[in-house]
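*Asks:* First the structure, which I've put down as structure tokens, then a few questions once you've had a look.
The values are calculated or read from the model by the stated rules, or taken from the named source; none is laboratory data. Computed from a prediction, not measured in an experiment: that's the story for all the values here. Reconstructed Cβ throughout: ideal geometry from the backbone, glycine too, with neighbour counts over all protein chains shown. Only protein heavy atoms, including side chains, enter the accessible area calculation; ligands, DNA and RNA are left aside. Shrake-Rupley method; radii C 1.70, N 1.55, O 1.52, S 1.80 Å.
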Amino acid sequence: MAPHSALRSLLLVSFSVFLTVALGVGLPAILNASMRTVGLPETSVTECIVMLYLLFVLYVATPRIPRGLVEVQGKAVFITGCDSGFGRALAKHLHELGFTVFAGCLLKDDGGEGAKELEEFRSDRMNVVQLDVCSDEQVNRAVDDVKRKLADSERGLWAVVNNAGVSTFGEVEFTSMDTYKQVSEVNLWGTIRVTKAVLPLIRRAKGRVVNLASMYGRMGNIMRSPYCISKYGVEAFSDCLRYEMKAWGVKVSVIEPGNFIAATGILTRDVVASTANKLWKEAPSQVKEDYGKAHFDQHMALMRSYCNSGQKDVASVLDAITDAIRSKHPYTRYTPQEPHWWIRMQLMTHLPGAVSDFLYF
């Protein structure tokens, strides 16, 4: 993962110390009583707890350990969703590092600003291709373009970064089935479609597959079920692919960004307003009656409060993706998140559901 900031390290260590003190007093007493009941030594329990939390403190406070870097020269990376946000920033970053970049842009043929900006590099290492990840035809055409330009290379395609995605919100009973399908079509099926198309090239290079998931691929939240479902799917797909690709020497990594709304502009007040109008207009009359307009407006106000929230600098995400591509021993998962989101994800994925539900809902 990206090197921890001083603030994140301080918060995480403080949290681990708190847990160590809280559980170190109560948990040993309970376990020691259990040990006495079954006739086992009491001291071993306390020693194990202390050792486990010592390891936890070291894990959260230690910056990324150097694991060696692969040579950049001659390596090509295919990135989806380069019109804006993470994708466009990553294309520039990897090009600057010396990679040959194939930047897939949804709006290239329509004169999109993101595609134009990348084309202005006028570099033989920056190749902008038209790409709608929902279209088999466009995916195959883009991959054929990659093959042609790498025809003289014996290394194949080094990495694919499945970044293209969409986001939406809405309570389950207000969200249409079409919305669920559309979000998953881009976030999940688009990832699978592109990966399958480039895997022969990646296997040839013994390269990398890097999939952009989310913290919401590890935990759910109100109003976010379409997005969470699609990102949980990306997590599962990535795990299965990692197992299968191990025999080929291909490494598969998942990036789980936290809240980067401010940096990507993915959620604005105009988006919230238009989505809210659509949700209320298309909701069944029975649902409107049961929930009421006051309840609906309260949740829309909650979504408006998220506009322009989160981190404004995408450097931690770019660092994570770059490490997944360049490290000789990449991590399975990277978590570029603010400390409070990282802590929440750990609690929601490790504590009993009844406890995490009580804490956050």
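*Asks:* Could you pull out the residue among 108, 149, 116 that is assigned by the TED database to the domain that holds residue 248, open to solvent by 70 Å² or more (accessible area, probe 1.4 Å), farther than 21 Å from residue 320 by Cα and in contact (Cβ under 8 Å) with a residue 12 or more places away in the chain?
*Replies:* When all the criteria are applied, what remains is 149.
*Asks:* Show me the strands (runs of 3 or more DSSP E) entirely contained within the stretch 101-212 in which 2 or more residues are under 19 Å from the mean Cα position of the chain (by Cα). Spell out how you get there, then give the answer.
*Replies:* Details: elements: 126-130, 159-162, 208-212.
Qualifying strands (runs of 3 or more DSSP E): 159-162, 208-212.
*Asks:* If a residue must be open to solvent by less than 20 Å² (accessible area, probe 1.4 Å) and either without any contact (Cβ under 8 Å) to a residue 40 or more places away in the chain or not hydrophobic (A, V, I, L, M, F, W, C) (or both), how many such residues does the stretch 245-258 contain?
*Replies:* Number of matching residues: 4.
*Asks:* Identify all residues within the stretch 215-238 that are open to solvent by less than 40 Å² (accessible area, probe 1.4 Å) and touching a strand residue (DSSP E or B) at 6+ places or on another chain (Cβ under 8 Å); write none if there are none.
*Replies:* 217, 234, 235, 238
*Asks:* Considering the stretch 237-271 alone, what residues qualify as being at pLDDT 95 or above and part of a helix (DSSP H, G or I)?
*Replies:* Hits for the stretch 237-271 are 237, 238, 239, 240, 241, 242, 243, 244, 245, 246, 247, 248.
*Asks:* Going residue by residue through the stretch 174-187, is there one that turns out to be at pLDDT 95 or above, surrounded by fewer than 19 Cβ atoms within 10 Å (Cβ to Cβ) and of a type in the set (Gly, Ala, Ser)?
*Replies:* yes
*Asks:* Separate question: Select from the stretch 288-314 the residues that are of a type in the set (A, V, I, L, M) and surrounded by 15 or more Cβ atoms within 10 Å (Cβ to Cβ) and write down the one among them that is nearest to residue 80 (Cα to Cα).
*Replies:* 314
*Asks:* If you don't mind, there's one more thing I want to ask. For residue 141, indicate whether it is closer than 25 Å to residue 250 by Cβ and of a type outside the set (Val, Ile, Thr). I'd like the intermediate steps shown before the answer.
*Replies:* Working: closer than 25 Å to residue 250 by Cβ: yes; of a type outside the set (Val, Ile, Thr): yes.
Judged against the criteria, residue 141 is a match.
*Asks:* Also, I was wondering about something else. For residue 86, which of the numbered conditions (1) of a type in the set (Phe, Trp, Tyr); (2) open to solvent by 50 Å² or more (accessible area, probe 1.4 Å); (3) under 20 Å from residue 210 (Cβ atoms) fails to hold?
*Replies:* (2)
*Asks:* Scan the stretch 330-340 residue by residue and report those that are within 15 Å of the chain's Cα centre (by Cα) and open to solvent by less than 30 Å² (accessible area, probe 1.4 Å).
*Replies:* 334, 335, 336, 337
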